[in-house]
1. Once amide H atoms are placed 1.01 Å from N in the peptide plane, what residues at a sequence separation of 5 or more from residue 69, or on another chain, have their amide H within under 5 Å of its amide H?
2. So if each residue of separation counts as 0.36 nm, and I subtract the Cα-Cα distance between residue 222 and residue 288, what length gain in nm does that give?
3. Report the local net charge at residue 321: Lys and Arg +1, Asp and Glu -1, summed over other residues whose C-beta lies under 14 Å from its C-beta.
4. Tell me the carbon and sulfur percent of the accessible area for the stretch 71-115, rounded to whole percent, probe radius 1.4 Å.
5. Counting other C-beta atoms within 10 Å, and keeping those with at most 16, which DSSP coil trypsin sites (Lys or Arg not before Pro) do you find in the stretch 88-193?
6. Just going by the charge dipole of the chain, with Lys and Arg at +1 and Asp and Glu at -1 on Cβ, which of 85, 96, 354 is farthest out on the positive end?
7. So, counting K/R as plus one and D/E as minus one, what does the shell of residues with Cβ under 12 Å around residue 187 add up to?
8. Over the chain, what is the mean sequence separation of C-alpha contacts under 8 Å (at least six apart), divided by residue count, expressed as relative contact order in percent?
Amino acid sequence: MRAAVLNAIGDDKLELRDDVTTVDPGPHEVRIRVRASGICHSDLSAMDGTLPALAPGIVGHEGAGEVVEVGSAVEQLAPGDHVTVSFVPPCGNCPNCLRGEPNLCSVHAIAAFTTPRFRLGDTPVFGYAGLGTFADELVVPASGAIKVDPDVPFETAALIACGVLTGVGAVLNTAKVRPGSTVVVIGCGGVGISVIQGARLAGATTIVAVDPVEGKHAIAKRFGATHATTPEGLEELKQQVTNAEGFDYAFDVVGLPVTIRSAWDSARRGGSVVVVGAGRGDAMVQFSAQELFLHDKKILGSFYGSSHVHHDTGQMLRFWRAGLLDLDGMISRRLTFDELNDGLAVLREGSTDVIRQVVTLG
């Protein structure tokens, strides 16, 4: 079958092959025919080593498809079911799952680094984040396949699998933004646009989008931002729209020390700073002990939007059906498998008019 192989960490292109195979599904696993896969910035981060990944490996972690085979112990899914996939399948039994934080479950996530999901001849090949959606098929734990109604387009469902759950979830689950709040969102890519849409859903009355690419400002406003600026103009705009107080909620969707620090400086005393962007392990952010004490701000990490994937996927689809969440408008480019590397290059360059690119596979 076709699959995009990352031969070594640091490669800027994937090798597009047609001779990769998957492992057979175990008793609690399913095989999925991938129909659509979003190209996420985290895929670039896997390729360049910002996020942990193994090579050789199949990249891609935002996808949807159709179940083609189920393990002997799988009861909740059947061949023909349409599903999204999750890179954090909840095991249901660990302390994180039992305390209601299934997005922090590490059981299957750890297994993804020890259990290859693909083969290239006799060579074992890993799936990035336990998935590898840049392939015709993949095998995942059954709990990582979330059933959706068959009338939901595969490309729409794919967006929910990562970017939308991460962005909207950061607003509704992590920050719990209150109606009437002021919000600033730093970074207006696919996840940033999802944060903006989440803030609009939550009833925020002021939503400031921040991005150095001015071409993205109009796009951000189309999805709910009330104002947009470059990083250089943020301080002046903050003075204007918050009466110099600062924002109730500041979301960093980039993951760099400078942007996290900017989010902190933009939040009011007592406000919340939500770190959504995935940064490097050696990227350090500095705060003084005094400001942490005096400003009473909350610094909140938001991994996967603090989402309960089996509940929140359905919630996102209900928002979509009600016209409250624009998923289709987020798709800027539809690509074939052969155009995958072009899509990665466009994302790396930071094109002004691209929110999400989706690769269709069959």
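The values are calculated or read from the model by the stated rules, or taken from the named source; none is laboratory data. On a predicted model such as this, the values are computed, not experimentally measured, just so you know. Quick reminder, even Gly has a Cβ in these numbers, built from the backbone with ideal geometry, and neighbours come from all protein chains shown. Only protein heavy atoms, including side chains, enter the accessible area calculation; ligands, DNA and RNA are left aside. Shrake-Rupley method; radii C 1.70, N 1.55, O 1.52, S 1.80 Å.
1. 31
2. In short, 20.0 nm is gained.
3. It works out to a net charge of -3.
4. Within the stretch 71-115, the accessible surface is 56 percent carbon and sulfur.
5. Answer in residue order: 99, 176.
6. 96
7. So the environment of residue 187 carries a net charge of -1.
8. It rounds to 17 percent for the chain.
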